[in-house]
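Chemist: Shown below is the structure under consideration.
Bear in mind that the values in this text are calculations on the coordinates, not laboratory data. As the structure is a computational prediction, the values presented were derived from the model and not from experiment.
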Amino acid sequence: MGAESFQKRERERRRQERNAERREKRQQRKDTPSEEIDTDALMERFRLLSEQHAAGVIDAETYEAERLEIFVALGLDSTD
């Protein structure tokens, strides 16, 4: 019976250690500043891109590729 108690205590200790590690990782992720999206800069980039496309400076393929990149960065649905 002593061996069973020891094993049970060891399992409980390992479980508590894993939980402590998980808490520490969550705290580290929380403390790490996430990359903030600069919507103003992206919208300005889109405005310039649209002007260049309208003026014929860039082709439709380049316009669509860069437009998609901007929309994805903004978190917008790009399928229209």
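Chemist: Using only DSSP helix segments of four residues or longer, with each worth -39500 (n - 2.57), what per-residue ellipticity at 222 nm results for the chain after dividing by its residue count and rounding to 500?
Modeler: The helix contribution divided over the chain gives -26500 deg cm²/dmol.
Chemist: A further question on this structure: Here are labelled values, (i) 6.5; (ii) 9.2; (iii) 5.3, and one is the computed mean projected area of the Cα convex hull in nm² for what I pasted. Which one?
Modeler: Structure-derived value, by its label: (ii).
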